[in-house]
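Let me begin by presenting the structure, written as structure tokens, before commenting on it.
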Amino acid sequence: MSSTIPTSVRLATSSVARRSVRSHGHDSPRARQGPLARFNWRRACRSDMDWRIGGRIVLALSATICAPTFSTSAAAQPGSPRNVLVIHSGAETFPANPLLDAGIREVLASRPDLSIDCFSEYLESDLFPGEQASQVFSDYLRRKYQGRRIDLVIAITDVGLRFALHHRGTLFPDAPIVFTGLAGVDETSRGMGGGITGVKSGIAYAETLELALELHPSTERVFVVANGRDEKTLEAVRAEFLDFSRRVSVTYLTDETVPRLLAAIKAIPPRSVILYIWHTQQDPGNVAYPDEIARLVANAAPVPVYGTSDLYVGSGVVGGVVRGTRETGTRLGGLALRILSGTRPQDIPIEAMPVVPILDWRQLRRWGSEARVPSGALIRFKEPSAWDRYKAYILSAAAVLLAQTGLIAGLLVQRRRRRQAEEQVRGGQAELRTSYERIRDLASRLLNAQDTERSRIARELHDDISQQVALLSIDLELLSGAVQPDSEALAEDVLNRTQHIAKSVHDLSHRLHPAKLRLIGLVPALHAIQRELSRPEMAVVFTHDNVPSTVPPDLTVCLFRVVQEALQNALKYSKAHEVSVQLRGGPDGLALTIADDGVGFDVNAAWGKGLGLISMEERVEAIGGALEIRSKPGAGTRLELTVPLHPVQGTETVLTQGRTSRRGRADSA
């Protein structure tokens with residue numbers, strides 16, 4: 001079997017590689033199935049053993065006939081990719097192989113400047129032991145890779161290294177070898193061929209047992225599961241535990257089948273621990289790998305179970321002092337990359353992979369050992385506490401709560417201060433309102449007194465002064481006929497001036513108090529003032545619509561005085577060509593609009609410089625109306641006034657400069 005992955009832009013795959021990529025990807029561990037599924041798959045593999053060996057024999061014969069060599073027939077072409085061959089001793093489905101491959105490929109792919117093709121092949125010595133299967137596999141590789149130069153070989157485990165060394169001369173005589181395993185090679189062998197370097201995987205059985213006894217100090221018995229390897233390896237395991245026999249009772253479970261092993265596991269007494277090293281089952285149709293059996297052992301065990309591989313952690317095993325499988329692959333890939341970059345293998349010292357304690361937090365809590373975890377141990381599957389999980393949220397909530405508390409306290413203080421300020425403001429407003437009412441009452445009285453005084457002066461002018469001036473004018477007429485001829489012109493001039501004085505007094509009396517205002521009504525009076533103030537250089541246009549025939553006297557006087565004052569101001573200051581006066585009646589009152597096309601003025605600057613607009617505001621205010629004045633230099637002036645038909649107290653005056661409305665006062669007089 002084989003699998004190929006690219007670590008550069010070039011793509012080289014076989015059918016097995018494509019199946020592997022589809023199922024679990026380049027860098028992810030193999031998608032694990034349940035034990036039964038694996039057993040069924042292996043049953044098919046075992047039933048096909050004969051034809052697979054036969055196929056390899058046929059392939060070997062074809063290779064002998066057609067291709068004399070494997071690596072020497074193909075010289076490296078300039079710019080061609082570097083070919084790396086990874087030889088695994090176990091099957092592709094062996095749990096460690098995908099992790100090792102992922103680590104190797106990840107490092108090889110980290111150099112985009114190197115074009116590398118990486119191929120993985122599986123010796124499957126656990127399923128096909130013996131020299132004949134090894135020779136068939138060698139012939140298969142030679143046939144498959146004929147015409148392709150192998151630049152580097154990575155051998156996994158001692159079995160893979162022995163195969164690579166044994167068939168090196170015929171398969172890849174000049175290729176350097178990087179290995180991982182327990183035994184390693186001597187210094188003499190390192191310089192042979194293309195050179196050898198690698199990492200020793202090492203064992204930490206004693207360290208794992210020491211960790212178990214440290215976490216469970218009351219342990220009296222240790223049961224070791226190490227079945228399925230050669231006797232020499234088992235003797236090495238027993239030698240590791242000789243020093244512990246003085247502290248605890250060490251028992252080796254040698255049951256060959258899984259059911260019998262699980263039965264023995266279930267019978268283990270309390271105050272014991274189980275050290276699971278490995279257990280393999282290679283019965284035809286019923287193949288199981290050590291990591292699967294570790295899960296079964298952990299599920300069946302009434303006591304804590306420790307293991308010597310990182311593949312066991314997460315299956316119910318508490319943990320152990322182990323080396324990282326993927327980290328081993330990463331280290332192998334790093335060594336391969338150094339060699340492909342030009343470093344000689346023999347110049348790279350063989351190093352040992354470090355081992356670290358790795359523990360499953362869930363199992364530590366299950367057996368009550370979490371308080372005894374040694375420093376430096378790696379903890380996996382630790383479920384964070386509520387504080388660890390929500391620490392940021394808790395602190396944020398506490399900060400928000402404190403901020404809210406402070407804010408609420410500040411708001412309470414602010415509310416108390418605001419209430420005090422509001423009470424002071426209300427007191428001041430009451431005083432201002434009282435003062436305002438007094439001022440408004442005084443203004444209303446002044447306006448009434450002004451109108452009364454105007455009426456009195458108008459009557460005096462009309463009834464007394466006007467009559468006397470009229471008599472004087474008659475006398476002067478009579479006198480002009482009796483004067484000497486040389487004084488006739490002077491008499492006539494005096495008569496004209498007297499008549500002009502009489503007319504001015506008469507007009508003044510009407511302006512002070514137009515008697516016809518109360519007799520003929522508001523609209524005719526406005527028509528009269530239109531005719532009176534119209535000039536050739538300034539036309540006055542008056543229109544009215546829906547004005548009631550009867551308007552309250554106060555309202556009549558107010559509107560008349562406002563029109564009179566506005567027209568006089570326009571005549572004096574606006575330089576307008578036309579002034580329009582529009583009076584409209586509505587359901588709630590009257591609306592008066594006076595507009596001119598004159599030079600306009602700055603409302604805010606003009607306010608308070610005369611009495612004209614102030615008297616307008618006070619009159620409108622006295623009957624509860626609203627006055628708005630809009631003007632700006634060069635844009636004319638517009639005065640809008642609304643008053644109720646039934647005068648009430650209160651008014652609102654809005655003076656607008658341009659298009660910006662604001663409260664203020666203005667005057668053009």
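If I go through the stretch 312-330 residue by residue, how many of them are crowded, with 21+ Cβ neighbours inside 10 Å, touching a Leu at 6+ places or on another chain (Cβ under 8 Å), closer than 29 Å to Gly198 by Cα and not hydroxyl-bearing (Ser, Thr, Tyr)?
Here the count works out to 5.
Here's a check for you: in the stretch 613-650, which residue that is surrounded by 21 or more Cβ atoms within 10 Å (Cβ to Cβ) and over 17 Å from Thr556 (Cα atoms) is modelled with the lowest pLDDT?
Checked the stretch 613-650; the qualifying residue modelled with the lowest pLDDT is Leu613.
Looking at the stretch 136-155, which of the residues that are assigned to a helix (DSSP H, G or I) and in contact with a helix residue (DSSP H, G or I) (Cβ under 7 Å, 6 or more places away or on another chain) is farthest from Leu340 (Cα to Cα)?
Kept after step one, since they are assigned to a helix (DSSP H, G or I), are these residues of the stretch 136-155: 136-144.
The next check asks that each one be in contact with a helix residue (DSSP H, G or I) (Cβ under 7 Å, 6 or more places away or on another chain); those that pass are 136-143.
Values: Val136: 29, Phe137: 26, Ser138: 24, Asp139: 26, Tyr140: 25, Leu141: 22, Arg142: 22, Arg143: 25 Å.
Residue satisfying both the conditions and the ranking: Val136.
Provide a single number: the residues in the stretch 376-392 that are surrounded by fewer than 10 Cβ atoms within 10 Å (Cβ to Cβ) and part of a helix (DSSP H, G or I).
4
Yes/no per residue for (1) crowded, with 21+ Cβ neighbours inside 10 Å; (2) modelled with pLDDT of 80 or more; (3) under 46 Å from the mean Cα position of the chain (by Cα):
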position	(1), (2), (3)
Arg32	no, no, yes
Ala67	no, no, no
Thr93	no, yes, yes
Ala102	yes, yes, yes
Glu106	no, yes, yes
Arg111	no, yes, yes
Ile116	yes, yes, yes
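Determine which member of the set Glu423, Glu351 is charged (D, E, K, R) and touching a residue at least 60 places away in the same chain (Cβ under 8 Å). Write out each step before concluding.
Working: Glu423 fails: touching a residue at least 60 places away in the same chain (Cβ under 8 Å).
The match here is Glu351.
Exactly one condition in (1) modelled with pLDDT of 85 or more; (2) under 24 Å from Ser504 (Cα atoms); (3) assigned to a helix (DSSP H, G or I) is false for Glu532; which is it?
Result: Glu532 passes all but (1).
Please count how many residues of the stretch 206-226 are surrounded by 20 or more Cβ atoms within 10 Å (Cβ to Cβ) and more than 16 Å from Val318 (Cα to Cα).
So the answer is 1.
What residue, of Ser110, Ser189, Ser115, Ser138, is closer than 30 Å to Val237 by Cβ and of a type in the set (S, T, N, Q)?
Details: Ser110 fails: closer than 30 Å to Val237 by Cβ; Ser115 fails: closer than 30 Å to Val237 by Cβ; Ser138 fails: closer than 30 Å to Val237 by Cβ.
The unique qualifying residue is Ser189.
For residues that are without any contact (Cβ under 8 Å) to a residue 40 or more places away in the chain and hydroxyl-bearing (Ser, Thr, Tyr), tally how many sit in the stretch 536-579.
3
Quick one: would you say Thr180 is outside the structural domain of Ala96 (by TED's automatic domain parsing) and either more than 14 Å from Ile277 (Cα to Cα) or not aliphatic (A, V, I, L, M) (or both)?
No: the conditions fail for Thr180.
Tell me yes or no: at least one residue of the stretch 610-621 is touching a Gly at 6+ places or on another chain (Cβ under 6 Å) and not β-branched (Val, Ile, Thr). First the steps, then the outcome.
We begin by selecting, within the stretch 610-621, every residue touching a Gly at 6+ places or on another chain (Cβ under 6 Å); these are none.
There is no residue in the stretch 610-621 that is touching a Gly at 6+ places or on another chain (Cβ under 6 Å) and not β-branched (Val, Ile, Thr).
Tell me, which residue of the stretch 568-583 that is touching a strand residue (DSSP E or B) at 6+ places or on another chain (Cβ under 7 Å) and part of a loop (DSSP other than H, G, I, E, B) is nearest to Glu640 (Cα to Cα)?
Taking the candidates together, the pick is Ala576.
Which ones in the stretch 164-205 are in a helix (DSSP H, G or I), surrounded by fewer than 17 Cβ atoms within 10 Å (Cβ to Cβ) and not charged (D, E, K, R)? Outline the logic, then answer.
From the stretch 164-205, those in a helix (DSSP H, G or I) are 164-166, 168-171, 187-190, 205; that's our starting set.
So of that shortlist, the ones also surrounded by fewer than 17 Cβ atoms within 10 Å (Cβ to Cβ) come out as 166, 169-170, 187-189.
Result: His166, Gly169, Thr170, Thr188, Ser189.
Restricting to the stretch 545-567, give me the number of residues that are of a type in the set (S, T, N, Q), farther than 20 Å from Glu628 by Cβ and not in a loop (DSSP other than H, G, I, E, B).
Selection size over the stretch 545-567: 1.
Out of Thr170, Thr188, I need the residue that is free of Cβ contacts under 8 Å to residues at least 24 places away in the same chain and farther than 23 Å from Asp101 by Cα. Which one?
Result of the check over Thr170, Thr188: Thr188.
Counting only residues that are closer than 17 Å to Thr208 by Cβ and among the polar types (S, T, N, Q), which one in the stretch 228-275 is surrounded by the fewest Cβ atoms within 10 Å (Cβ to Cβ)?
My answer is Ser245.
How about the stretch 183-211: which of its residues are of a type in the set (Val, Ile, Thr) and touching a strand residue (DSSP E or B) at 6+ places or on another chain (Cβ under 7 Å)?
Val185, Ile196, Thr197, Val199, Thr208
Please verify whether the stretch 430-447 includes one or more residues that are more than 30 Å from His500 (Cα to Cα), at pLDDT 90 or above and of a type in the set (S, T, N, Q).
Checked against the condition, which is being more than 30 Å from His500 (Cα to Cα), at pLDDT 90 or above and of a type in the set (S, T, N, Q), the stretch 430-447 yields no hits at all.
Look through the stretch 593-612, keep the residues that are modelled with pLDDT of 85 or more, assigned to a loop (DSSP other than H, G, I, E, B) and over 58 Å from the mean Cα position of the chain (by Cα), and return whichever of them is surrounded by the most Cβ atoms within 10 Å (Cβ to Cβ).
Step one: filter the stretch 593-612 for residues modelled with pLDDT of 85 or more, giving 593-601.
When the remaining residues are screened for being assigned to a loop (DSSP other than H, G, I, E, B), the result is 597-601.
Now restrict to residues that are over 58 Å from the mean Cα position of the chain (by Cα): 597-599.
On the way: Asp597: 17, Gly598: 22, Val599: 15.
Among those that are modelled with pLDDT of 85 or more, assigned to a loop (DSSP other than H, G, I, E, B) and over 58 Å from the mean Cα position of the chain (by Cα), it is Gly598.
Among the residues of the stretch 351-371, are any in contact with a Phe, Trp or Tyr (Cβ under 8 Å, 6 or more places away or on another chain), among the aliphatic types (A, V, I, L, M) and part of a strand (DSSP E or B)?
no
The values are calculated or read from the model by the stated rules, or taken from the named source; none is laboratory data. Quick caveat, the model's predicted, so the values are computed rather than measured. Ideal geometry is used to build each Cβ from the backbone, glycine not excepted, and the neighbour counts take in all protein chains shown.
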